[in-house]
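Undergrad: Can you read through this structure? Questions will come right after.
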Amino acid sequence: MVTQDADKHAWERPGAYEVAPGVHRIPLPLPGDGLSAVNVYAIDDGERLVLVDAGWALDESRGRLADALATIDRDLGDIGAFLVTHLHRDHYTQAVAVRRLFGARVLLGAGEKESLATIHRNHGQTVPRALAATLRRNGAAELVDRLAREDVFEPLDAAEYASPDEWITNGTPIGYGGRTLVPIATPGHTGGHLVFHDPAARLMFAGDHVLPHITPSVGFEAAPPRSPLGDYIGSLHAMLTLPDARLLPAHGPVRESTHARVRDLVAHHDRRLDETERAVRSGVETGYEVARRLTWTSRGRAFEDLDLFNRSLAVNETVAHLVVLADQGRIRAGETDGVVRYAVG
C-alpha cells in the first residue's frame, strides 16, 4: 500500500513519463532539502528533441537526463533546442552545459535580458545584491549579515549563465515538426518568465508560473521589478483568458486543469493580502516585522522556524505583498533613515 506521503512525492521518481503523444515528463534532481526535483519536458519533433526547461547543471542531473532519454531510445545528442521558461538556475544552467557538449540551441524569453546582464556584471558575488538591498530597506539588515557570514549562497558563476542563442518574443509562435507552441509572457515569478501553450494538444508548459502543490515565489531574481506580485497576479488573470489546458508544471505532478489551479493561486494571494494588511493594522511597520508576524508554508510555520534562506525569501515575499497593498491604497508607505515603514490611514 502506498502511503499518502509517498504518493505525494511520486512525481519525483526518475524516468521518462509520457504525458501526451510525443511529450515526456522527466524529473531531474535538485540539491538541498527544499524542492527535490524539477520537471523538464521532452518533445519529439520527429527528428530531434525539444526540451522545455533543462534542470540544474549538476553531474547527477545530466546523468539522470541521459538515463531517462535512453528509455525512449534517445540521447543527449538528440536534443536540438531548449525552450527555457525563465532564468533561475534549476531551469537554465543545464541547457548551457548541454549546449557546450552537444551544440543544442538555447532559447530564453526576452524579458530576462536585464537579469542576465546583471548576473554577468555581478560575477563572483555571494548574497544577491537585489535581495540584500530589499532586506536592508525593509528592516532586515541582520539577515543580510548572517547570509554573508554563513555562506548560504554559492558565489555566482557567470559562465553558468552564458547568453542564449535566441531571445523568444512574447506571442511569436515556435514550430517544431507538426507542433506549434505559443510563448506567453507571464511576469511575476521572474520578470521574463514565459509559459508555452500548445492549443492544439491542449497543453500548458507552465514552468514555475502555476505549480500544483506550492505557491511560486515572486521577485527573487537579479533585477526584480518594482511590483513583482502585482505583475504575478496580472499574469494569473491573463491565464484565465486562454482556453483551459492540461497543466505541465516545473515542480509537482501533472494536473488536468490549469484554470482550476490558477483560481486557487488568485484566492491564496487575496487571503495573503488580507493577512498582511491585518499585520500592519496591528502596529508592526517594516517588512521584516510583518514577515515575523505571519505564518509560512501550508503547515503554518512560524517565521523563526524557517531556515535563514527561507527567512530571507519570506521577507522578500512580504514586501511584495506590502507594495501591492500600498498601490491599492489599503496602506501607506514612507521611508525613514533608509528603511521603508508601512501604516494604515
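Nothing in this text is a laboratory measurement; each read-out follows from the coordinates by a stated rule. Since we're looking at a predicted model, the values are computed, not measured. Positions of Cβ are backbone-derived with ideal geometry, glycine not excepted, and every protein chain shown enters the neighbour counts.
Undergrad: Run the quick spin-label model on Arg48 and Leu242: label points 7 Å from Cα toward the beta carbon, then report their separation in nm to one decimal.
TA: A separation of 2.4 nm, rounded to one decimal place.
Undergrad: Can I ask one more? So, R0 is 56 Å and r is the distance between the beta-carbons of Asp75 and Asp274; what FRET efficiency does that work out to, to 0.05?
TA: Step by step, r from the Cβ atoms, then E = 0.65.
Undergrad: Any idea how far the Cα center of segment 216-285 sits from the one of segment 31-74, in Å?
TA: 27
Undergrad: Turning to a different aspect of this structure: Can you show me the helix-derived [θ] at 222 nm for the chain, built from DSSP H runs with n ≥ 4 at -39,500 (n - 2.57) apiece and divided by the number of residues, rounded to the nearest 500.
TA: Helix-only estimate at 222 nm: -11000 deg cm²/dmol.
Undergrad: Output the 0 to 90 degree angle, nearest 10, between the alpha-carbon long axis of helix 228-239 and the longest principal axis computed from the alpha carbons of the chain.
TA: Around 50 degrees separate the two axes.
Undergrad: By how many degrees, 0 to 90 and rounded to 10, does the Cα axis of helix 258-281 deviate from the longest principal axis of the chain?
TA: 20
Undergrad: How much of the DSSP bridge set in the chain is antiparallel, in percent, rounded to the nearest 5?
TA: Once the DSSP bridges in the chain are tallied, antiparallel ones form about 70 percent.
Undergrad: Net charge within 11 Å of Gly139 by Cβ-Cβ distance, Lys/Arg positive one each and Asp/Glu negative one each, not counting Gly139 itself?
TA: Neighbourhood net charge equals 0.
Undergrad: So how much slack lies between Asp7 and Val19, counting 0.36 nm per residue of separation and subtracting their Cα-Cα distance, in nm?
TA: Length gained between Asp7 and Val19: 2.5 nm.
Undergrad: Expressed as a rounded percentage, what relative contact order does segment 31-98 have, with Cα pairs under 8 Å and six or more residues apart?
TA: For segment 31-98, the relative contact order is 38 percent.
Undergrad: Which order do the peptides 331-337, 25-31, 187-193, 235-241 take when ranked by the mean count of other beta-carbon atoms within 10 Å per residue, highest first?
TA: Ranked from most to least packed, the peptides come out as 187-193, 25-31, 235-241, 331-337.
Undergrad: Just to be sure I understand the model, the point goes 7 Å from the Cα along the line to the Cβ. What's the resulting His123 to Ala200 distance in nm?
TA: Label-label distance for His123 and Ala200, simple model: 4.3 nm.
Undergrad: Order these peptides, 261-273, 314-326, by their mean beta-carbon neighbour count within 10 angstrom, highest first.
TA: Answer by packing, highest mean first, reads 314-326, 261-273.
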